[in-house]
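Data block below; observations after.
The values are calculated or read from the model by the stated rules, or taken from the named source; none is laboratory data. Given the structure is predicted, the values throughout are model-derived calculations rather than measurements. A quick note on method: Cβ atoms are made from the backbone with ideal geometry, for glycine too, and the neighbour counts reach across all protein chains shown. Accessible surface is based on the protein model in full, side chains and every heavy atom, while ligands, DNA and RNA are left aside. Shrake-Rupley method; radii C 1.70, N 1.55, O 1.52, S 1.80 Å.
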Amino acid sequence: MDEVDDMETLLWRQGYAKLPPLLTADECAALIGLYPRHELFRSRIEMARYRFGVGDYQYFNYPLPEIVRELRERTYPPLAAIANRWMEALGDATRFPAALCEFTAQCQAAGQHKATPLLLHYEAGGYNCLHQDLYGDRAFPLQLVCFLSEPGADYTGGDFLLVEQRPRAQSVGHAIHARRGEAVVFTTRYRPVKGARGFYRANIKHGVSPLLSGARYTLGIIYHDAR
């Protein structure tokens, strides 16, 4: 429970929280090993083609691999509770159900049927431009990235980036260095910030800095589905 409380404190304060390892080295290797299995994925994106950056990623299709499905279902409930407190602070009537299956049903009712968990792959020189992962009207406010490669041994450079845009102020950036198996939970769009007249939305985008050498893989867990 203390870990959940600490995570929530960090999410309110900075829009992200670095988590202890959620995956073992063997699980990370097994996930990387799924990347060539194209039958598991519904879509492959070459980032340079769309000017998203340099690298590639693949969206899993349903049914998700067991390890991805279990991680998504296990991490959703505590994040839903935090998301609801964020909505309350912002005066937003949106509320998220306690179970992922109920939220998935809401996505499907809104015409969002496609799975969004994905594997991302970068080689030397690869990077990801700052962006937000929004795929329809239903969007969950938090998401997760799990780091599958070991910095220093598998790659150099390639930090996870978050940039917060503040009203009438300069943007604030964070470069996050994480080891294999560790994860970062972060806001999909914005975090609530307390101002003189209550809470306002501070917009946040994420990306990846250029890799200097090697290869880097990550698992992205997005809780809303896509159109």
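Does A202 satisfy being in a loop (DSSP other than H, G, I, E, B) and touching a residue at least 60 places away in the same chain (Cβ under 8 Å)? Criteria not met by A202.
Looking across the stretch 86-101, the residues that are assigned to a helix (DSSP H, G or I) and either loosely packed, with under 13 Cβ neighbours inside 10 Å or touching a residue at least 24 places away in the same chain (Cβ under 8 Å) (or both) come down to W86, M87, A89, L100, C101.
Considering the conditions (1) open to solvent by 10 Å² or more (accessible area, probe 1.4 Å); (2) within 30 Å of T24 (Cβ to Cβ); (3) not in a strand (DSSP E or B), L161 is excluded by exactly one of them, (3).
Summed over the stretch 9-44, the residues that are basic (K, R), part of a strand (DSSP E or B) and closer than 19 Å to A183 by Cα give a count of 1.
Yes or no, residue by residue, for (1) surrounded by 14 or more Cβ atoms within 10 Å (Cβ to Cβ); (2) touching a residue at least 60 places away in the same chain (Cβ under 8 Å); (3) of a type in the set (V, I, T):
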residue: E3; (1), (2), (3): no, no, no
residue: L19; (1), (2), (3): yes, yes, no
residue: L34; (1), (2), (3): yes, yes, no
residue: R51; (1), (2), (3): no, yes, no
residue: P63; (1), (2), (3): no, no, no
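Restricting L40, L10 to residues that are farther than 14 Å from L219 by Cβ, open to solvent by 30 Å² or more (accessible area, probe 1.4 Å), modelled with pLDDT of 95 or more and among the aliphatic types (A, V, I, L, M) narrows the list to L10.
Mind listing whichever residues of the stretch 102-129 are open to solvent by 20 Å² or more (accessible area, probe 1.4 Å) and part of a loop (DSSP other than H, G, I, E, B)? A110, G111, H113, A124, G125, listed by residue number. For R179, the criteria (1) in contact with an Asp or Glu (Cβ under 8 Å, 6 or more places away or on another chain); (2) crowded, with 16+ Cβ neighbours inside 10 Å; (3) among the charged types (D, E, K, R) hold in every case but one, which is (2).
The condition of being modelled with pLDDT of 95 or more, buried (at least 20 other Cβ atoms within 10 Å of the Cβ), in contact with a Cys (Cβ under 6 Å, 6 or more places away or on another chain) and under 23 Å from L22 (Cβ atoms) holds for H224. In the set (1) surrounded by fewer than 12 Cβ atoms within 10 Å (Cβ to Cβ); (2) in a helix (DSSP H, G or I); (3) more than 17 Å from the chain's Cα centre (by Cα), the condition left unmet by R74 is number (3).
Residue-wise test of (1) in a strand (DSSP E or B); (2) open to solvent by less than 50 Å² (accessible area, probe 1.4 Å); (3) of a type outside the set (V, I, T).
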| position | (1), (2), (3) |
| --- | --- |
| C146 | yes, yes, yes |
| A153 | no, no, yes |
| T156 | yes, no, no |
| A175 | yes, no, yes |
| F186 | yes, yes, yes |
| R191 | yes, yes, yes |
| S213 | yes, yes, yes |
| R216 | yes, yes, yes |
